[in-house]
Amino acid sequence: MKHTIIFLSIFAGVFAYEEPFDPNNYRQREIKAVRISEPLRIDGLLDETLYHGTSYSDFIQYEPFNGAKATQKTDMWIAYDDAAVYVGARMWDSNPDSVVGRIGRRDAYLNSDIFEVIIDSYHDKRNGFSFQINPAGSKRDEVYFNDTWTDDSWDGIWEGETTIDNQGWTAEMRIPLSQLRFSEKGEYVWGILPTRYIQRTGEWDYYIYHPLNESGAMSRTADLTEIREIHPPKRREYLPYVTASASNLPTREDNAFIKGKDSDFGIGADIKLGIGANLTVDATINPDFGQVEADPSSINLSDHETYYDEKRPFFLEGRSIFRFGSGGPTNNIGINFSEPRFFYSRRVGRPPQGYVNADPDSSEIPSATRILGAAKISGKIDDTWSIGGLTAITNREDARYYQNGDVLKDQVEPYTHYNLIRTLKEVDNGRYGLGLIGTFTQRHIDGFNVYKGADSEHAIDDLLSHKGMGLGVDGWAFLGKDRSWALGGWGGFSQVSGSVDRMYRLQHSPSHYFQRPDANQVEVDSGMTTMRGHAGRIKLNKEEGNLQFNAAFGWISPGFESNDLGLTFSTDVINKHIMVGYRWLERGTYIRSANASVMYANNHDFDGVKTSDVFFGMGSMRFVNFWSLNMNGGYALDNLNNTALRGGPRVIVPGEIFFGAGLNSDYRKDVSYSFSLDGGSENNGSNQLSLSMHLNLKLGDQLNFSIGPSIYRETELSQYITSIEDPTHTVMYGKRYILSRLDQTVTSADLRIDYPVTPRFTLEGYFQPFIAVGDYSEFKEYKRPESDEFLVYGEEGSTIDENYTIDPTGGSADDAFTLYNPDFNYKALVGTLVLRWEFSPGSTMFFVWTHNGSDFQNHGRYDFTKDFKRLLKSEADDVFALKLSYWFG
């Protein structure tokens, strides 16, 4: 009998069959939630009875070996009660001493091990809420939208704790139902995507199989089932706050109103209210944003405004609902097309646009427009219909100044009401989408200028539109059974109205240049009081597979104008591009993945004149040692440019060859760095070159320091200066357009320091020294339109002296003119240091130091050592602020 058993065992072992591992069996998975009667104690210990039950494991690698089994086991449990969802996880690790947990402020990218759970409580396969925690207990959260895009501005109120032991590490989360959005049902099916990141190996493990050559995230979640008898909770949150600040302003020591000192005290509140199951109203009264990071310094010699990112919390949170025109295709690449926006939140509360003609030491102009109040609504009416809206009222701002011994006040910004509405309908689990956006801005200029002696009403009337509105439609359709192609697009209309003088200025502004003498489609209307325009873009993108394809067609009519609440850089453009590429996703001996693409793009204006012609290529490689390399380059052909003379006739812009390259080291290391090199050379000899690097140091588990120095050098042989009226110069339509050679050097460095004592008590600092020097020479003018020939002053009989007095003909002085010296040497040191203490969930105290110093000496001459020393010794303004807020919810 004994021999028989041995024989049968050997026979079974020889002929046993184990089904080969196939990751495709893990594309559709289910997790069953367990209802519990008592809330779990969130301590990271996993000692409740829930953890004796069935766990969910068998995670699949997304990287580095896509489709392979995870190298380390993960067990996970999901439970719920009437108030919250509970997540517990055991991250087994064969080398527990190698688990990486870094302490950091909330939402920081800490480059540590991570456990994440993403919940699609709408179950619309498009949106989700991500909750992440690392072994040190540091948390991140973000929202998913458009299937794969993320926004980390959302800060949910949830709990999470972790422990590290000799088997790896564990995590527990409590996610209140109030932080999710769902409609009332008897039984729920939600989407869920648990993931794990192992820092030392760079391994991402997903609970479902996600091939690298397929797009999507929320559309590929597992099903979370067995959730019953829960109800969308009432959501009410109140966040009152008080602020106080004191300023030392030596740069305004001689100002008659400031006298070098200032102080302020304020109170306000943020309110969050739930309407039904899925709609949320956020309101703010007298908001204060003193804790936000300072904007970086820059030098702008173009004819367009400088773009700044939004950093204010009220406008950041939930902003994904207000995105327009970018849904559907996951690749929205564009070349030489500045896509306009209907909503640019930095318009609300911007610096006043008016001015007073008074000495700076005898005047006071507010640095920003005060927001009296703002409110927004966001959420879903049902599982497929999203809505959003925003309204804000900003204060009238006045400048004070002395005139003949009297203090006068002039209006520099009127009361303004900003409004926005957004809606989006999605069908068939996001296969199709159709949306609408509408904006309306109204300024109350008339009837508010009541100060005796003030004469600013007409000035403001000339500078700002009375009303501005925009209306747009966007949508998309995924094509093919597997949604392998995506077609998306948008179209919109704008209308602004104002005084005759305002519309005259607007027609001459850099966004329009209606005064161009050789433009057939536009001309200045001196009696215009309303401007209208249209714009749009259609795009097609291949979403699946190794072969890539993208094409787009876009246009912006000459009269399109969204700058009252949005952003329009340029108009009168028709843009087209086509891109083909290939990506290699199979891991090799040295290269983990790579991709390469080539593109062609061109622009025409509405007269049909080609204004841009570009061939472009780009590629990247990711190596198995976690280094990466990216490259790009191209050639722009000679073309006619209709904006180079800023309202003048078209001229030839020379062709240019350009390139760029970047190298990134292993980001997992305590010392990581990157380099980038960009440059270009035009056919006429103009050239530019920039070099930048970024060094990141992780000093222990807490202290993080980074520095990003850069240098940019440019020689531009046709830098625009100004235009001079000369009726006798008929070849250029009665004007002379003055240009010059510009030799420019810009150096700067971004320095950041993060020291989190605990995840709730952190110190963050940002400082940027900045030096920009420009030396102008070889002043010149174009000889004729549609050419690249110049009259260089001092040649061909023309003259120029040391005082920049120019006689372009060298004969009679009737056509002589004098320029100012445009050389510059601008130095700035800006910085912000923020101490943040979250003493209770949602309740914080901020102590903020803001520094702003500048210097303008040594025009046109670059001497880094001398300039840097002057910068450190320059006068600087310092503001110290305290903000205390307490969350009730």
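The values are calculated or read from the model by the stated rules, or taken from the named source; none is laboratory data. None of the values given here were measured: they were computed from a predicted structure. With ideal geometry, Cβ positions are generated from the backbone for all residues, glycine too; neighbour counts draw on all protein chains shown. Please note that ligands, DNA and RNA were not included when accessible areas were found on the heavy atoms of the full protein model with its side chains. Shrake-Rupley method; radii C 1.70, N 1.55, O 1.52, S 1.80 Å.
How many residues does the stretch 829-851 contain that are among the hydrophobic types (A, V, I, L, M, F, W, C) and over 16 Å from Thr243 (Cα atoms)? Outline the logic, then answer.
Of the residues in the stretch 829-851, the ones among the hydrophobic types (A, V, I, L, M, F, W, C) are 829-830, 833-835, 837, 839, 845-849.
Of the ones still in play, those that are also over 16 Å from Thr243 (Cα atoms) are 829-830, 833, 839.
So the count comes out to 4.
Looking at Thr818, Thr844, can you tell me which residue is over 30 Å from Tyr782 (Cα atoms) and polar (S, T, N, Q)? Give the steps one after another, and end with the answer.
Details: Thr818 fails: over 30 Å from Tyr782 (Cα atoms).
Of Thr818, Thr844, the one residue that is over 30 Å from Tyr782 (Cα atoms) and polar (S, T, N, Q) is Thr844.
Is it the case that some residue within the stretch 257-271 is open to solvent by 60 Å² or more (accessible area, probe 1.4 Å), within 30 Å of Lys425 (Cα to Cα), modelled with pLDDT of 90 or more and of a type outside the set (Phe, Trp, Tyr)?
Kept after step one, since they are open to solvent by 60 Å² or more (accessible area, probe 1.4 Å), are these residues of the stretch 257-271: 259, 261-265, 267.
Adding the requirement that they be within 30 Å of Lys425 (Cα to Cα) leaves none.
No - not one qualifying residue is present in the stretch 257-271.
This table checks each residue for (1) out of contact with any Ser or Thr (no Cβ under 9 Å at 6 or more places or on another chain); (2) in a strand (DSSP E or B); (3) of a type outside the set (Lys, Arg); (4) at positive phi.
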position: Lys669; (1), (2), (3), (4): yes, no, no, no
position: Leu677; (1), (2), (3), (4): no, yes, yes, no
position: Asn684; (1), (2), (3), (4): no, no, yes, no
position: Gln688; (1), (2), (3), (4): no, yes, yes, no
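If you go through the stretch 798-838 one residue at a time, how many are open to solvent by 50 Å² or more (accessible area, probe 1.4 Å) and not in a strand (DSSP E or B)?
Residues that pass the stated criteria total 10.
So, in the stretch 176-197, of the ones that are open to solvent by 20 Å² or more (accessible area, probe 1.4 Å), outside any loop (DSSP other than H, G, I, E, B) and out of contact with any Pro (no Cβ under 9 Å at 6 or more places or on another chain), which residue ends up farthest from Lys69 (Cα to Cα)?
Glu187
Residues of the stretch 621-636 being more than 16 Å from Glu203 (Cα to Cα), of a type in the set (A, V, I, L, M, F, W, C) and open to solvent by 70 Å² or more (accessible area, probe 1.4 Å), which ones?
The one that is more than 16 Å from Glu203 (Cα to Cα), of a type in the set (A, V, I, L, M, F, W, C) and open to solvent by 70 Å² or more (accessible area, probe 1.4 Å): Met631.
Output the residue which, of all residues in the stretch 328-358 that are within 23 Å of the chain's Cα centre (by Cα) and among the small types (Gly, Ala, Ser), is surrounded by the fewest Cβ atoms within 10 Å (Cβ to Cβ).
Pass one, the stretch 328-358, residues within 23 Å of the chain's Cα centre (by Cα): 328-351.
Next, from what is left, pick out any that are among the small types (Gly, Ala, Ser): 328, 334, 338, 345, 349.
Numbers: Gly328: 25, Gly334: 16, Ser338: 18, Ser345: 22, Gly349: 21.
Among those residues, the one meeting the criterion is Gly334.
Looking at Asp361, Asp382 in this structure, which one is in contact (Cβ under 8 Å) with a residue 40 or more places away in the chain, over 29 Å from Thr251 (Cβ atoms) and either acidic (Asp, Glu) or surrounded by fewer than 21 Cβ atoms within 10 Å (Cβ to Cβ) (or both)? Break it down stepwise before answering.
Values: Asp361 fails: over 29 Å from Thr251 (Cβ atoms).
Within the list Asp361, Asp382, the selection yields Asp382.
Which one of these does Ile556 not meet: (1) open to solvent by less than 40 Å² (accessible area, probe 1.4 Å); (2) free of Cβ contacts under 8 Å to residues at least 60 places away in the same chain?
Going through the list (1) open to solvent by less than 40 Å² (accessible area, probe 1.4 Å); (2) free of Cβ contacts under 8 Å to residues at least 60 places away in the same chain, Ile556 breaks only (2).
For the stretch 233-256: of the residues being in contact with a helix residue (DSSP H, G or I) (Cβ under 6 Å, 6 or more places away or on another chain) and under 30 Å from Leu273 (Cα atoms), which is modelled with the lowest pLDDT? Show your work before the answer.
Taking the stretch 233-256 and keeping what is in contact with a helix residue (DSSP H, G or I) (Cβ under 6 Å, 6 or more places away or on another chain), we get 233, 235, 254-256.
Imposing the further condition that a residue be under 30 Å from Leu273 (Cα atoms) reduces the set to 233, 235.
On the way: Pro233: 85, Arg235: 81.
If we take residues in the stretch 233-256 being in contact with a helix residue (DSSP H, G or I) (Cβ under 6 Å, 6 or more places away or on another chain) and under 30 Å from Leu273 (Cα atoms), then Arg235 is modelled with the lowest pLDDT.
Given the conditions (1) at positive phi; (2) not in a loop (DSSP other than H, G, I, E, B); (3) not aromatic (Phe, Trp, Tyr), report the number of the one that Gly349 does not fulfil.
Among (1) at positive phi; (2) not in a loop (DSSP other than H, G, I, E, B); (3) not aromatic (Phe, Trp, Tyr), the lone unmet condition for Gly349 is (2).
Go through (1) at pLDDT 90 or above; (2) surrounded by fewer than 21 Cβ atoms within 10 Å (Cβ to Cβ); (3) not hydroxyl-bearing (Ser, Thr, Tyr) and name the single condition Met173 misses.
So the condition that Met173 fails would be (2).
Restricting to the stretch 839-852, and then to whatever is within 26 Å of the chain's Cα centre (by Cα) and touching a residue at least 60 places away in the same chain (Cβ under 8 Å), can you tell me which residue is farthest from Asp801 (Cα to Cα)?
Gly842
Show me the strands (runs of 3 or more DSSP E) entirely contained within the stretch 85-160 in which 1 or more residues are open to solvent by 40 Å² or more (accessible area, probe 1.4 Å). Please lay out each step first, then the result.
Details: elements: 114-120, 128-133, 139-145, 149-151.
In the stretch 85-160, the matching strands (runs of 3 or more DSSP E) lie at 149-151.
Consider only pairs whose beta carbons are under 6 Å apart and that are at least six residues apart or on different chains; among these, list those whose first residue lies in the stretch 686-697 and is touching a residue at least 12 places away in the same chain (Cβ under 8 Å) and within 11 Å of Gly660 (Cα to Cα) and whose second residue is crowded, with 17+ Cβ neighbours inside 10 Å and hydroxyl-bearing (Ser, Thr, Tyr).
Short answer, once both residue conditions are applied: Ser690/Tyr712.
Write out, first by first residue and then by second, each pair whose Cβ atoms fall under 9 Å of each other, whose residues are 6+ apart or on separate chains, and whose first residue, in the stretch 469-485, is without any contact (Cβ under 8 Å) to a residue 24 or more places away in the chain and farther than 22 Å from Phe342 by Cα while the second is assigned to a strand (DSSP E or B) and among the small types (Gly, Ala, Ser).
Close Cβ pairs (under 9 Å, with a partner that is assigned to a strand (DSSP E or B) and among the small types (Gly, Ala, Ser)) amount to Leu479/Ala486.
Collect the residues in the stretch 275-285 that are at pLDDT below 85 and not hydrophobic (A, V, I, L, M, F, W, C), keeping them in residue-number order.
Within the stretch 275-285, Gly276, Asn278 meet the criteria.
Would you point out which residue out of Leu717, Leu645 is touching a residue at least 40 places away in the same chain (Cβ under 8 Å), part of a loop (DSSP other than H, G, I, E, B), among the aliphatic types (A, V, I, L, M) and farther than 30 Å from Ile198 by Cβ? Give the derivation first.
Details: Leu717 fails: part of a loop (DSSP other than H, G, I, E, B).
Residue meeting the stated conditions: Leu645.
Is it the case that the stretch 429-449 has a residue that's touching a strand residue (DSSP E or B) at 6+ places or on another chain (Cβ under 9 Å), modelled with pLDDT of 95 or more and closer than 30 Å to Lys735 by Cβ?
no
Just a yes or no: is a residue in the stretch 600-613 open to solvent by 40 Å² or more (accessible area, probe 1.4 Å) and more than 21 Å from Pro517 (Cβ to Cβ)?
Taking the stretch 600-613 and keeping what is open to solvent by 40 Å² or more (accessible area, probe 1.4 Å), we get 600, 604, 606-608, 610.
Going one step further and asking which of them are more than 21 Å from Pro517 (Cβ to Cβ), we end up with 600.
Within the stretch 600-613, one or more residues are open to solvent by 40 Å² or more (accessible area, probe 1.4 Å) and more than 21 Å from Pro517 (Cβ to Cβ).
Working only within the stretch 385-423, note down all residues that are touching a Leu at 6+ places or on another chain (Cβ under 6 Å), under 21 Å from Pro313 (Cβ atoms) and surrounded by fewer than 20 Cβ atoms within 10 Å (Cβ to Cβ).
Answer for the stretch 385-423, where residues must be touching a Leu at 6+ places or on another chain (Cβ under 6 Å), under 21 Å from Pro313 (Cβ atoms) and surrounded by fewer than 20 Cβ atoms within 10 Å (Cβ to Cβ): Ile393, Asn395.
Tell me, which residue of the stretch 575-595 that is within 27 Å of the chain's Cα centre (by Cα) and open to solvent by 40 Å² or more (accessible area, probe 1.4 Å) is nearest to Asp638 (Cα to Cα)?
Lys576
Please enumerate the residues belonging to the stretch 458-511 that are closer than 30 Å to Lys542 by Cβ, acidic (Asp, Glu) and surrounded by fewer than 20 Cβ atoms within 10 Å (Cβ to Cβ).
Here is the first cut: in the stretch 458-511, the ones closer than 30 Å to Lys542 by Cβ are 472-492.
Narrowing the set further to residues that are acidic (Asp, Glu) leaves 474, 482.
The answer is Asp482, and nothing else.
Mind listing just one residue for me: the one in the stretch 200-250 that is farther than 30 Å from Asp428 by Cβ and among the hydroxyl-bearing types (Ser, Thr, Tyr) and, of those, most open to solvent (accessible area, probe 1.4 Å)?
Checked the stretch 200-250; the qualifying residue most open to solvent (accessible area, probe 1.4 Å) is Tyr238.
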